[in-house]
1. Just need a number here: residues in region 51-106 that are more than 30 Å from residue 41 (Cα to Cα) and either touching an Asp or Glu at 6+ places or on another chain (Cβ under 9 Å) or assigned to a helix (DSSP H, G or I) (or both).
2. For region 82-96, give me the residue count where each residue is surrounded by 10 or more Cβ atoms within 10 Å (Cβ to Cβ) and more than 29 Å from the chain's Cα centre (by Cα).
3. Run down 53, 20 and say which single residue is closer than 30 Å to residue 71 by Cα and at pLDDT below 75.
4. Does residue 41 satisfy the condition of being in a helix (DSSP H, G or I), modelled with pLDDT of 85 or more and either in contact with a helix residue (DSSP H, G or I) (Cβ under 6 Å, 6 or more places away or on another chain) or farther than 29 Å from residue 73 by Cβ (or both)?
5. Could you tell me whether residue 3 is surrounded by 12 or more Cβ atoms within 10 Å (Cβ to Cβ), modelled with pLDDT under 75 and in a helix (DSSP H, G or I)?
Amino acid sequence: MEYRAFCYTIGIILIIFTKITGNKYLSKSKMDLKSRKLSFIQEFLRVQNEDIIRGLEKLLSNRKSELFEKNLEPMSLDQFNAEIDQALDDYNNDRVITATDLKAKIQKWN
């Protein structure tokens, strides 16, 4: 689903980018998705205006957040109870790590 959402977002960006730059060859109806993405990347690499880049970054970030939130579904009561049971089983069988121990392990990474 992540890839599909990304492709959809790129499509939206292409449409907006076409409107901003006036590039008719990026029209949604004239190319398949793969060609549109390649054209977008090529055109994006030529952009020298920081406001356009900032706008596209913001648009991508906002759209990804919207798609993520749109696809969220509430957990069923059965799933919720199953996860609680699993957590209790993990705790009872020493398959947990305390926050203190985790912090200590992370400190050793550096």
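The values are calculated or read from the model by the stated rules, or taken from the named source; none is laboratory data. Predicted, not measured: the structure shown is a model, and the values here were computed from it. Here the Cβ is made from the backbone with ideal geometry for all residues, glycine too, and neighbour counts use every protein chain on show.
1. So the count comes out to 27.
2. Going through region 82-96 one residue at a time, the tally reaches 7.
3. 20
4. Yes; evaluated as a whole, the condition is true for this residue.
5. Criteria not met by residue 3.
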